1. Here's a check for you: in segment 258-271, which residue that is of a type in the set (A, V, I, L, M, F, W, C) and surrounded by 22 or more Cβ atoms within 10 Å (Cβ to Cβ) is farthest from Gly203 (Cα to Cα)?
2. Within segment 320-359, track down each residue that is over 29 Å from Val285 (Cα atoms) and either surrounded by fewer than 23 Cβ atoms within 10 Å (Cβ to Cβ) or at pLDDT below 95 (or both).
3. Can you name the residue in segment 99-116 that is of a type outside the set (Val, Ile, Thr) and buried (at least 17 other Cβ atoms within 10 Å of the Cβ) and, of all such residues, is nearest to Ala296 (Cα to Cα)?
4. Look at Met131 and say whether it is surrounded by 19 or more Cβ atoms within 10 Å (Cβ to Cβ), assigned to a helix (DSSP H, G or I) and in contact (Cβ under 8 Å) with a residue 60 or more places away in the chain.
5. If you go through segment 337-389, how many residues are within 17 Å of the chain's Cα centre (by Cα) and part of a helix (DSSP H, G or I)?
6. Report whether or not Ile190 is in a helix (DSSP H, G or I), β-branched (Val, Ile, Thr) and touching a residue at least 24 places away in the same chain (Cβ under 8 Å).
7. Taking segment 147-173 on its own, how many of its residues are more than 25 Å from Thr222 (Cα to Cα) and not in a helix (DSSP H, G or I)?
Amino acid sequence: MKKVKKYGALFLAFVMAAVSLSACGSSNKESTTAATSAATTAAASETTAADTSADPSEAVEDFSGQTLVVANWKGYGSDAEYGAKAFEEKYGCKVEHQYFTSLEEMITMLKQGGQGKIDVVLPNSTYVKVMTDQDLLEPIDTSKLSTFADLREDLRDFSDSVIDGQYYAIPWTWGTTSLGYNPEAFSEPITSWSALWDSANKGKVGMFDEFDSAILTAGIYTGQEDLWNPNLDEIKTALLELKANTRTFWASYDDFLKPYMSGEITLGNMWAGTASQLLSSGEPVEYIYPEEGTIAWCDFWGIAKDAPNYDLALKWIEFMTDDEFQYAFATDENAHNPVNTAVEASLTDDQKKILWMYPEGPSKIYMQKYMPEETRSQWLELWNEVKAN
């Protein structure tokens, strides 16, 4: 509006000057020409000044001719209509996806010809340090990410992704493995992990067959001060007690859904996505974050070592964490928890319910992260021993 008023006033002044000069007759042609020239020069000056005063942050860089290579799971947000296609339209580039079926495969892709060709990758919280230890990620210039300050601080500053103050991975979406139960099978709401150990629930528990999840759950239940260096004797005792209540060890959605829907099990540690499936199918389910805290995971974007399009990779990470993408990602049919705090705050109660963030999300999360091979072996051996007894 300011530019329109400026140019309108300038044009009116020019017309008035021209009319005044023309009234003096043809002998004043030189004066008229001079006035026209002066007005034109003034208009050009105004245009230049207006362009110079424009907010440079509104300008969108053109990356025509560049192809960004993205390594991700198939069908996981980045290849949605509001993902790669919208990014291409915004920056004039192309996006090429290289899909993997496991994080180990993603790392192999980089090591076997992908380095220098792949731009961005998606490790989760247990693999970020694996990749930095193997020098597979570039440091990220967070000063060029306009969204950086809007990210959840606990996820943004995740210990495995920050080395000597330098960020190597930026959070994108997160989730939990928490406690779910059938409210029709209980007279009172469940608020604690202790429900899994309650003798009243003997033979009714479904336990996730993942060694680190099991040990972390037992660690939270037994009140370990350091979950990553727990008293393994206490953990073993607790897991053996839990096994007495456990009807099934599950490893997939169906492994949990079928016995739950048939009434064989009434509670267990489950993925938020499992609870969402039960809810959408009309099954009674509550998915809670126990008062002692809950286990969480996070997927991060990283820039691959020797990425050929580093600046465009930064734009991708910025795009993937901005308000528009994060809102679309949080509200599509396969909703995912946003890391953008402004987006989280903007969600309606119904939208938060779908994400199991209503009336509130977890007050304390224990993020799954990298563990040394020695620790991994000890935990796996303990879990196998518990299941064998």
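1. Filtering segment 258-271 down to residues of a type in the set (A, V, I, L, M, F, W, C) leaves 261, 265, 267, 270-271.
If we keep only those that are surrounded by 22 or more Cβ atoms within 10 Å (Cβ to Cβ) too, we end up with 265, 267, 270.
Values: Ile265: 7, Leu267: 10, Met270: 16 Å.
Here the answer is Met270.
2. Selection gives Asp322, Asp323, Glu324.
3. Residues of segment 99-116 of a type outside the set (Val, Ile, Thr): 99-100, 102-106, 109-116.
When the remaining residues are screened for being buried (at least 17 other Cβ atoms within 10 Å of the Cβ), the result is 100, 103, 106, 109-110, 114.
Numbers: Phe100: 22, Leu103: 17, Met106: 22, Met109: 27, Leu110: 27, Gly114: 30 Å.
It comes out as Leu103.
4. yes
5. 9
6. No.
7. Summing the residues that are more than 25 Å from Thr222 (Cα to Cα) and not in a helix (DSSP H, G or I) in segment 147-173 gives 16.
Rundown of residues vs (1) assigned by TED's automatic domain parsing to the domain that holds Ser213; (2) over 30 Å from Leu279 (Cα atoms), yes/no style:
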residue	(1), (2)
Asp154	no, no
Val162	no, yes
Trp193	yes, no
Ser199	yes, no
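The values are calculated or read from the model by the stated rules, or taken from the named source; none is laboratory data. Owing to the predicted nature of the structure, the values given are computational and were not obtained by experimental measurement. Please note: Cβ atoms are built from the backbone with ideal geometry, for glycine as well, and neighbour counts cover all protein chains shown.
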